[in-house]
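The block underneath contains the structure these notes are about, expressed in structure tokens.
The values are calculated or read from the model by the stated rules, or taken from the named source; none is laboratory data. As the structure is a computational prediction, the values presented were derived from the model and not from experiment. Using ideal geometry, Cβ is built from the backbone for each residue, glycine included, and neighbour counts are taken over all protein chains shown. Ligands, DNA and RNA are excluded from the accessible area calculation, which covers all protein heavy atoms including side chains. Shrake-Rupley method; radii C 1.70, N 1.55, O 1.52, S 1.80 Å.
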Amino acid sequence: MAKPNGMSKNEIIQCAKECLVEKGIENFTLRAVAEKAGVTQGTIYYHFRTKEQLFIDLVQDICDNSWQELSQTRENVIEQALDPAKSRCSYDSFFHKLFLSLVASSFNNEEIRRKLGEMMRNENKALSEILSSLWVESPIKGVSFETWGILFNAMVDGLALQALLQKDFPIEKTYEEFEHFIKELSTFKGKEDN
């Protein structure tokens, strides 16, 4: 029996995540989400006009949860920041398949483009703030914290793209060296002054 239409948007997002993991993007439908949630399709459409809108909210929810966990971290910030990115970096990553599907859709849908652009700006800003808390000043003169945030975000997304396209992409080694790179940048300023 279907649950009453009072199911919250967040509860539907959680059911949609489970459905996406079980069925994959290719077989993901709003009907499948309704069945998983035990509600009518009307309830799903009440909260999400389209599958793409649900996808955007799914990506936003995953990102928000990651940033919320990270904002509560005071020790080993670099490792804590890279761990969620690395955990989503794989040949079968539903998160990045979903994200890149939305990116492709955004080329023909200005609303999706706007929402994804806003998410990217928020991520860049969060990364810039993390880096400014780690570094007294930029390790390289003329490169702002804002630009460092953008560059690190682009590197993480680029690594995810490579992992999606290469089954044998060296995720562990790459992230280990990426972490080393960031830590070396943190000490670079001291070396430069000598």
Which residues, taken from the stretch 133-159, are of a type in the set (D, E, K, R) and surrounded by 14 or more Cβ atoms within 10 Å (Cβ to Cβ)?
GLU146, ASP157
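Looking at CYS19, is it at pLDDT below 90, in a helix (DSSP H, G or I), surrounded by 14 or more Cβ atoms within 10 Å (Cβ to Cβ) and more than 15 Å from the chain's Cα centre (by Cα)?
Yes.
Search the stretch 111-132 for residues being over 25 Å from ASN27 (Cα atoms) and open to solvent by 90 Å² or more (accessible area, probe 1.4 Å), and hand back the single one that is modelled with the lowest pLDDT.
Within the stretch 111-132, the first condition is being over 25 Å from ASN27 (Cα atoms), and the residues that meet it are 114, 117-132.
Retained after the next criterion (residues that are open to solvent by 90 Å² or more (accessible area, probe 1.4 Å)): 114, 121, 125, 129.
Numbers: ARG114: 92, ARG121: 94, LYS125: 92, GLU129: 87.
Within the stretch 111-132, the match that is modelled with the lowest pLDDT is GLU129.
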